[in-house]
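Below is one structure; the comments refer to it alone.
The values are calculated or read from the model by the stated rules, or taken from the named source; none is laboratory data. What you see is a predicted model, and the numbers here were worked out from it, not measured in a lab. Please note: Cβ atoms are built from the backbone with ideal geometry, for glycine as well, and neighbour counts cover all protein chains shown. Each accessible area value is taken on the protein alone, full model and side chains, heavy atoms only, with ligands, DNA and RNA left out. Shrake-Rupley method; radii C 1.70, N 1.55, O 1.52, S 1.80 Å.
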Amino acid sequence: QVQLVESGGGLVQAGGSLRLSCAASGSIFSVNIMGWYRQAPGKQRELVATISRSGHTNYADSVKGRFTISRDNAKNTLYLQMNSLKPEDTAVYYCNLAILISDYWGQGTQVTVSS
């Protein structure tokens, strides 16, 4: 059983910053990929960024240069530093952990960016 608990969302003005965290617990194998996804009202869930256990990262074009994904393997914790936030970044942000053929999701944390 794997559990993911996100924190750090909130309301921020455009141009501001937020840092999301995701703590993972349970049967986590060494080979895995962690990531952040988001879903805005009326839209499909979309990839924000992913990071492998070795540190290889991948970003959506819309967040490149503004967001930074990182992880602390010793703490099984994932982070997302979001800078220069825009109103279009408003969404529920979900933490994802992919192990082999299994996918695990957190409950989501709301990020709202006001103009």
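Here's the yes/no breakdown for (1) of a type outside the set (Phe, Trp, Tyr); (2) over 20 Å from Ser17 (Cβ atoms); (3) not in a loop (DSSP other than H, G, I, E, B):
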residue	(1), (2), (3)
Ile51	yes, no, yes
Ser54	yes, yes, no
Lys64	yes, no, no
Leu80	yes, no, yes
Glu88	yes, no, yes
Cys95	yes, no, yes
Asp103	yes, yes, yes
Val113	yes, no, yes
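Note down all Cβ pairs under 6 Å where the first residue falls in the range 59-81 and is over 14 Å from Trp36 (Cβ atoms), the second is crowded, with 17+ Cβ neighbours inside 10 Å and of a type in the set (Phe, Trp, Tyr), and they're at least six residues apart or on different chains.
That search, which allows pairs on different chains as well, returns nothing.
How many residues are open to solvent by less than 40 Å² (accessible area, probe 1.4 Å), among the aliphatic types (A, V, I, L, M) and in a strand (DSSP E or B) when one looks only at the range 32-49?
Within the range 32-49, residues that are open to solvent by less than 40 Å² (accessible area, probe 1.4 Å), among the aliphatic types (A, V, I, L, M) and in a strand (DSSP E or B) number 3.
Quick check on Ile99: is it open to solvent by less than 20 Å² (accessible area, probe 1.4 Å) and without any contact (Cβ under 8 Å) to a residue 60 or more places away in the chain?
Considered against the rule, which asks whether it is open to solvent by less than 20 Å² (accessible area, probe 1.4 Å) and without any contact (Cβ under 8 Å) to a residue 60 or more places away in the chain, Ile99 comes out as no.
Please enumerate the residues belonging to the range 54-63 that are within 15 Å of the chain's Cα centre (by Cα) and at pLDDT below 95.
Gly55, the sole residue that qualifies.
Just one of the numbered conditions (1) under 16 Å from Tyr104 (Cβ atoms); (2) open to solvent by 80 Å² or more (accessible area, probe 1.4 Å); (3) of a type in the set (A, V, I, L, M, F, W, C); (4) in contact with a strand residue (DSSP E or B) (Cβ under 6 Å, 6 or more places away or on another chain) is not true of Leu11; which one?
Every condition holds for Leu11 apart from (1).
Checking Ser84 against (1) in contact with a strand residue (DSSP E or B) (Cβ under 8 Å, 6 or more places away or on another chain); (2) over 15 Å from Thr109 (Cα atoms), only one condition comes out false. Which one?
Here Ser84 clears every test but (1).
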